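Engineer: Have a look at the structure that comes next, please.
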Amino acid sequence: MFDGRLAGQLMVERCKSPELVRDPDVFVLRIQDVILRVRQASLKLSRISFADVFAPVMAAVRAHHVRLAPEFVNVVLAMFVLEGVGRSLDPDTDVLRAALPLLRRWVAEDAGRGGVRAPGWRSALKVWAYVELREYVARIRDWGNDDYAFFGPFAPFVTADSSVS
């Protein structure tokens, strides 16, 4: 997860004309730098803008003559639309936290069908494990700050303020 070097290499390998790419190693390093900056920030919509992420990517693409596949461009455009919708609904939404129930369901269904042998499944499992661990660490960090948000309707039964008679 967040392997900027691999992302840059795949962008070069899968572009329309890999032989025309100027300084592919420098391009890979530029993409790696962008990914590292995203990794350091949270994926909360209030903290990160997809425009801030894709502007340096597009600058690198232009400078190094990487001709993007149309599928990649469509994904970028879809992310801009989703970001706009998400910001208008709730700017404090954390994209990974919102995706966690979907990731859990997908992993359970795919593992049940024997999808664990698929080529990309191992990478997807790493993403899921990262998101789960991130959520777990956030819950530990927030322990006691808002017991209702952490425990839900069981909060009165588990807080230090409640007394057992």
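The values are calculated or read from the model by the stated rules, or taken from the named source; none is laboratory data. Since the structure is predicted, the reported quantities are computational estimates derived from the model, not experimental observations. In this analysis, Cβ positions are derived from the backbone assuming ideal geometry, glycine residues included, and neighbour counts consider all displayed protein chains. For the accessible areas, the whole protein counts, side chains as well, though only heavy atoms, and no ligand, DNA or RNA atoms are used. Shrake-Rupley method; radii C 1.70, N 1.55, O 1.52, S 1.80 Å.
Engineer: Given the options 66, 73, 107, name the one that is at pLDDT 80 or above, part of a helix (DSSP H, G or I) and aliphatic (A, V, I, L, M). First the steps, then the outcome.
Structural biologist: On the way: 66 fails: part of a helix (DSSP H, G or I); 107 fails: at pLDDT 80 or above.
Selected residue: 73, the only one of 66, 73, 107 that is at pLDDT 80 or above, part of a helix (DSSP H, G or I) and aliphatic (A, V, I, L, M).
Engineer: Mind counting the residues in the stretch 76-91 that are loosely packed, with under 10 Cβ neighbours inside 10 Å and part of a loop (DSSP other than H, G, I, E, B)?
Structural biologist: So the count comes out to 0.
Conditions tested, residue by residue: (1) within 22 Å of residue 34 (Cα to Cα); (2) at pLDDT 65 or above; (3) open to solvent by less than 80 Å² (accessible area, probe 1.4 Å); (4) not in a helix (DSSP H, G or I).
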site	(1), (2), (3), (4)
100	no, yes, yes, no
133	no, yes, no, no
155	no, no, yes, no
162	no, no, yes, yes
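Engineer: Among the numbered conditions (1) under 14 Å from residue 62 (Cα atoms); (2) open to solvent by less than 30 Å² (accessible area, probe 1.4 Å), tell me where residue 34 comes up short.
Structural biologist: Checking residue 34 against (1) under 14 Å from residue 62 (Cα atoms); (2) open to solvent by less than 30 Å² (accessible area, probe 1.4 Å), the one that fails is (1).
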